[in-house]
Amino acid sequence: MTATEWITDIALILIVFRQLREGRLDRKTFLLPLGIVSFVAYTYLDSVPTEGNDLVLIAALTAVGAALGVAGGVYTRIRALDGHLLIKAGAVSAVLWIVGMGARMGFQTWVEHGGGAEHVARFSLAHHITSQQAWVTAFVLMALTEVVTRVATIYIRSRSHRLAAARPAAALGRTA
């Protein structure tokens, strides 16, 4: 792994650690992780291999990323206080985030330095995965999907909190 890859992965993990402390839900909550994964996608998604079972691998890891992202977003606490929304990642959310991001880092480290390259090559041959780019694409899309679905889930949940908070205020305005 390059220094850029380590920094990017660690930055994504630190985003959730930052959210272990309750803080204000604002644009930065959404833009920072989306900016990081946009950079990663731009840097590593040169092509999407479509031969053999490459798309099956890509779809499977993308689905895992989506499941982790939605679950992570669901297990992030959102509450209203003094007209602001606060966000706090729960333990489950943090663990899911680390599992997703850590799996990618662990896989890449195992392949590059732990003797996993031969195992992956045999697996790829046996399952008709045609290139190293298929693995890169699958893991990048897994991370991208995890981030996007987590952010989208938090956004959708925050909208319902805003609507719920606005209803009592509107009701009070009508009765006064």
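Tabulated data for the structure shown
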| quantity | calculated |
| --- | --- |
| Per residue accessible area in Å² of the chain, where ligands, DNA and RNA are left out and the probe is 1.4 Å | 56 Å² |
| Rounded to 10°, Cα long-axis angle of helix 132-175 versus longest principal axis of the chain | 10 degrees |
| Acute angle (nearest 10 degrees) that the helix 3-19 long axis makes with the longest principal axis of the chain, alpha-carbon atoms | 30 degrees |
| Protection proxy ranking, peptides 62-71, 87-96, 37-46, average beta carbon neighbours within 10 Å, highest first | 62-71, 87-96, 37-46 |
| Difference of contour (0.36 nm per residue) and Cα-Cα distance, Leu31 to Trp6 | 7.0 nm |
| For Rg and Dmax of the Cα atoms in Å, calculated from these coordinates, the label among (1) 17.6, 49; (2) 19.4, 73; (3) 16.5, 55 | (2) |
| Gained length - Ala121 relative to Val95, 0.36 nm times residue gap less alpha-carbon distance | 6.4 nm |
| Value at 222 nm in deg cm²/dmol, rounded to 500, when DSSP H runs of n ≥ 4 in the chain each add -39,500 (n - 2.57) | -26500 deg cm²/dmol |
| Nearest-0.05 FRET efficiency for Leu14 and Ala80, computed from C-beta distance (R0 30 Å) | 0.70 |
| Shape of the range 20-88, Cα gyration tensor, a/c cut at 1.5 | oblate |
| Size of charge dipole - the range 18-176 - debye, nearest 20, with Cβ of Lys, Arg +1 and Asp, Glu -1, no other charges | 1200 debye |
| Extended-chain gain in nm, criterion 0.36 nm per residue less alpha-carbon gap, Tyr155 and Lys88 | 22.8 nm |
| Sulfur and carbon atoms: percent of accessible area, the chain [1.4 Å] | 67 percent |
| Whole-Hz ³J(HN,Hα) from phi, Karplus 6.51 cos²θ - 1.76 cosθ + 1.60, for the range 20-32, glycine and proline x | 5, 8, 5, x, 6, 7, 9, 4, 4, 4, 8, 6, 4 |
| Karplus-derived HN-Hα couplings along the range 80-88 (A = 6.51, B = -1.76, C = 1.60, θ = phi - 60°), whole Hz, x at Gly and Pro | 9, 8, 6, x, 10, 9, 10, 10, 8 |
| The range 4-64 - charge dipole about Cα centre, Lys and Arg +1 at Cβ, Asp and Glu -1, debye rounded to 20 | 520 debye |
| Qualifying trypsin sites (Lys or Arg not before Pro) in the range 1-66, DSSP loop, other Cβ atoms within 10 Å at most 12 | Arg21 |
| Angstrom value of the Kirkwood radius, inverse mean 1/r, which spans all Cα pairs in the range 77-161 | 15.4 Å |
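The values are calculated or read from the model by the stated rules, or taken from the named source; none is laboratory data. This one's a predicted model, so the numbers in the text were calculated from it and none came from an experiment. With ideal geometry, Cβ positions are generated from the backbone for all residues, glycine too; neighbour counts draw on all protein chains shown. Calculation scope for accessible area: heavy atoms of the full protein, side chains included, ligands and nucleic acids excluded. Shrake-Rupley method; radii C 1.70, N 1.55, O 1.52, S 1.80 Å.
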